[in-house]
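The values are calculated or read from the model by the stated rules, or taken from the named source; none is laboratory data. It should be emphasised that the depicted structure is a prediction, and the values quoted were computed from it without experimental measurement. When we count neighbours, we look across all protein chains shown, and the Cβ atoms used for this are built from the backbone with ideal geometry, even at glycine. Side chains included, ligands, DNA and RNA excluded: accessible areas come from the protein's heavy atoms. Shrake-Rupley method; radii C 1.70, N 1.55, O 1.52, S 1.80 Å.
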Amino acid sequence: MVYHRLPAPVFRSIALGGADETGALPAGQLSKRLLLLHAVRRRLETLDSDALPPDVLAANWSGLTRARHADSTEVDRLLLYPPIGTWGMRLLHRLQRSEPLDDSDLDDIGYLGGLATVALMSAQLPGETVIRVRSDGTSSFPRLGRFGSLGEPRWLTATVVPDRGLVRLREERTIIAVAGDDPRWSAVRQLQSNSAGQRLVVTLDDIDPYRSPEEVPSDERLADVAVARWQTCLDEAWNILVKHHPTRAAAISRDITSLTPLRSTAREPQLSASSGESFGGIALTTPRHGEGMAEALVHEHQHIKLWALLALVPLVDSADERLFYAPWRADPRPAGGLLQGAYAFFGLVDFWEVERHRRRGVLGRMAHFDFARWRGAVDEALRTLEDAGVLTDTGRVFVADMRSALAPLLAAPVPTPMTELAEEADLEARLGWRLRNLPVSRRDLDALVRAWRDGRSCPPDAVRSGAPRPGSRGSRPTGRQWLARERLIADDETFDDVRTPSPGPQPADYAFARGDHTLAARLYAESVSSPTAPFDSWTGLALAHARAHSAAAGALVTYPEVVRALWDALQPEAPPPESLAEWVAKGLDRRRLDH
């Protein structure tokens, strides 16, 4: 049994946003992978299924064990390949079921043969393994490649010939495919970037069946021209990181081993993701430029460090099931997720602090905006975690160290236009989140409806919301957000990083962008009255009244979900939404006076 101790200086370095230069995090992840493989083996040994060849476990486990004894350094590197963790956890969960094995189960079990095959290749050992032709006609070998068009699902023998660098697939006595020489073979591509003598080497894995977290859509095999685009963006990103963020660059080169292309969607055209089960792997949509890729590398590397730390040290109370507001997400987040997001954006704020002084033009203005927008968001998230009492003793130390590193960034001056845009974006995110996720109880809503219909004052105690409901992650960019970004890029007509949302900006959005908040409020009020009103109209209505400093602003900003729920409940005889908001605002004023 291996016990891991995390040196205090390493813990503090990570808390301050720095790196682990001792190898403690990868060592912990390797132990986690070995335990995972052991758990998979123990579970497979208990299976009683005619669908499994009798030697599938013995042959593959023997090959993996022999390879690790012969060259533990190379095989351990293979075991840390990101998809291995995703595969192992997925298989373990599937095997907990009591149902008979189906084709999908057999596909998952068969991946062990591909892993054992590559382990033998890595250790330069000859041997045979049992591999699976999956339901889609493919057979995968992690970090190495994939055969396609192999026909019906079945079990084959793989023979490793290390001195020739070959893997042969055999069905009974007939060789049916040879890795590398067969047109059905697709190799995992590799990207390399060099800058000032510092090198980053990663796979660009677009073929492994476990290459990305289940909740994000992975892209298909990339064309050569797309691969070239990835290489160009990685070169640009690596040059930025090495020249201007050398400490981060060194840590990324040690920890990041694989990139996985994700498919863009209308809801999330730009996305990056990582997982606690896939240490060293980053999944992201095709980057538009090197600056964006550098940001994605920094952001996801922060997540990866924290995932690895959490495997060694608990920072939050896992039994606490409460959900919280995270300024970077449309859905409520548990405490662990909130800490993950805060730590990721903490790294980006530090990144943007350098970039905003270095970049020029639109990219410089956007860096100023992002720095101003997210430093406050990180500070709020850390305060939420502290105030909620969800941190362990070690977690409180960790967050205190984060706050000490964040303090000078909070005090740094930012140009006024970018600060104003950041504050506006923060308010819009908060309003949209409340409208989307906070319910109003039937009891409180009935009390408000009765008071309104009876001509009475708003009952102050009924103006409140329930606990956040679990929600969906994605949200479309709004017309206001698009126009705000247009203000940032106004002097750069050739800049193409901002796409027009669908649907595009509405007349109310243009009025708001021009600063005519009274007109915007009227137009948004007309919009919410429409049967096809977009959800975002209520957010716009609250923002416009806030900027116009109207009597309705107090209720629309602090409890937009209550005003909306009440307005819906009063249909078809509801008054104008601003009249309802003014009535609720008076109730809030009385509550403040009473307290």
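Some notes on this structure:
- Which listed residue is open to solvent by less than 40 Å² (accessible area, probe 1.4 Å) and modelled with pLDDT under 75, from D497, D509, D491: D497
- Filtering the range 50-57 for residues that are among the charged types (D, E, K, R), out of contact with any helix residue (DSSP H, G or I) (no Cβ under 6 Å at 6 or more places or on another chain), free of Cβ contacts under 8 Å to residues at least 24 places away in the same chain and under 28 Å from D102 (Cβ atoms) leaves a non-empty set.
- Counting only strands (runs of 3 or more DSSP E) wholly contained in the range 160-265, the ones carrying 2 or more residues that are of a type in the set (A, V, I, L, M) and over 28 Å from the mean Cα position of the chain (by Cα) occupy 166-171, 174-178.
- Test: residue in the range 133-140 that is β-branched (V, I, T) and within 24 Å of I175 (Cβ to Cβ): yes
- So E321, is it charged (D, E, K, R) and closer than 22 Å to I256 by Cβ: no
- Meets criteria (in contact (Cβ under 8 Å) with a residue 12 or more places away in the chain, touching an Asp or Glu at 6+ places or on another chain (Cβ under 9 Å) and either closer than 26 Å to I14 by Cα or acidic (D, E) (or both)) for S218: no
- Residues that are in contact with a helix residue (DSSP H, G or I) (Cβ under 8 Å, 6 or more places away or on another chain), assigned to a loop (DSSP other than H, G, I, E, B) and over 14 Å from L200 (Cβ atoms), drawn from the range 266-286: Q270, S274, S275, G276, E277, S278, F279, T286
- Some residue of the range 518-541 being over 22 Å from V463 (Cα atoms), surrounded by fewer than 16 Cβ atoms within 10 Å (Cβ to Cβ) and within 33 Å of the chain's Cα centre (by Cα): yes
- Scope the range 199-236; condition farther than 26 Å from M89 by Cβ, out of contact with any strand residue (DSSP E or B) (no Cβ under 7 Å at 6 or more places or on another chain) and among the acidic types (D, E); matching residues: D224, E236
- Cβ pairs under 7 Å, 6+ apart, first in the range 242-267 and in contact (Cβ under 8 Å) with a residue 40 or more places away in the chain and closer than 13 Å to V298 by Cα, second open to solvent by 30 Å² or more (accessible area, probe 1.4 Å) and part of a helix (DSSP H, G or I): H244/V354; H244/R358; H245/V354
- Screening L339, L363 for residues that are open to solvent by less than 10 Å² (accessible area, probe 1.4 Å) and in a helix (DSSP H, G or I) leaves exactly one candidate, L339.
- A search for C-beta distances below 7 Å between a residue of the range 64-75 that is of a type in the set (G, A, S) and any residue that is open to solvent by less than 50 Å² (accessible area, probe 1.4 Å) and outside any helix (DSSP H, G or I), counting only pairs 6+ apart in sequence or on different chains, returns A67/A123; A67/L125; A70/A123; A70/L125.
- Some residue of the range 316-328 being surrounded by 23 or more Cβ atoms within 10 Å (Cβ to Cβ), out of contact with any His (no Cβ under 9 Å at 6 or more places or on another chain) and part of a helix (DSSP H, G or I): no
- Some residue of the range 434-456 being part of a loop (DSSP other than H, G, I, E, B), of a type in the set (A, V, I, L, M, F, W, C), in contact with a Phe, Trp or Tyr (Cβ under 9 Å, 6 or more places away or on another chain) and farther than 16 Å from V584 by Cα: yes
- Total residues in the range 385-405, condition under 30 Å from A553 (Cβ atoms) and within 22 Å of the chain's Cα centre (by Cα): 1
- Residues of the range 42-89 satisfying the condition of being modelled with pLDDT of 95 or more and within 23 Å of E214 (Cα to Cα): L78, L79, L80, Y81, P82, P83, I84, G85, T86, W87, G88, M89
- If the condition is being surrounded by fewer than 21 Cβ atoms within 10 Å (Cβ to Cβ) and under 22 Å from G148 (Cβ atoms), then the range 192-208 contributes only L204.
- Taken over the range 82-105, the residue count meeting the criterion of being surrounded by 21 or more Cβ atoms within 10 Å (Cβ to Cβ) and either touching a Leu at 6+ places or on another chain (Cβ under 9 Å) or closer than 20 Å to S62 by Cβ (or both) is 5.
- Lone qualifier among A412, A451, A429, A447 - being modelled with pLDDT under 95 and out of contact with any strand residue (DSSP E or B) (no Cβ under 7 Å at 6 or more places or on another chain): A429
- Residues that are part of a helix (DSSP H, G or I), modelled with pLDDT under 95 and over 15 Å from G432 (Cα atoms) do not occur anywhere in the range 528-543.
- Selection count where residues are surrounded by fewer than 22 Cβ atoms within 10 Å (Cβ to Cβ), farther than 28 Å from V201 by Cβ and among the aliphatic types (A, V, I, L, M), scope the range 106-130: 1
- V399 being hydrophobic (A, V, I, L, M, F, W, C) and outside any helix (DSSP H, G or I): no
- Search result, residues across the range 537-584 that are among the small types (G, A, S) and touching a residue at least 40 places away in the same chain (Cβ under 8 Å): G540, A542, A546, A555, A565, A569
- R356 assigned to a helix (DSSP H, G or I), surrounded by 24 or more Cβ atoms within 10 Å (Cβ to Cβ) and of a type in the set (D, E, K, R): no
- Candidate set from the range 131-154 (those that are assigned to a loop (DSSP other than H, G, I, E, B) and free of Cβ contacts under 8 Å to residues at least 24 places away in the same chain); member that is least open to solvent (accessible area, probe 1.4 Å): G137
- Answer residue from the range 285-315, given it is touching a Ser or Thr at 6+ places or on another chain (Cβ under 8 Å), under 26 Å from F371 (Cα atoms) and open to solvent by 10 Å² or more (accessible area, probe 1.4 Å) and is modelled with the lowest pLDDT among those: T286
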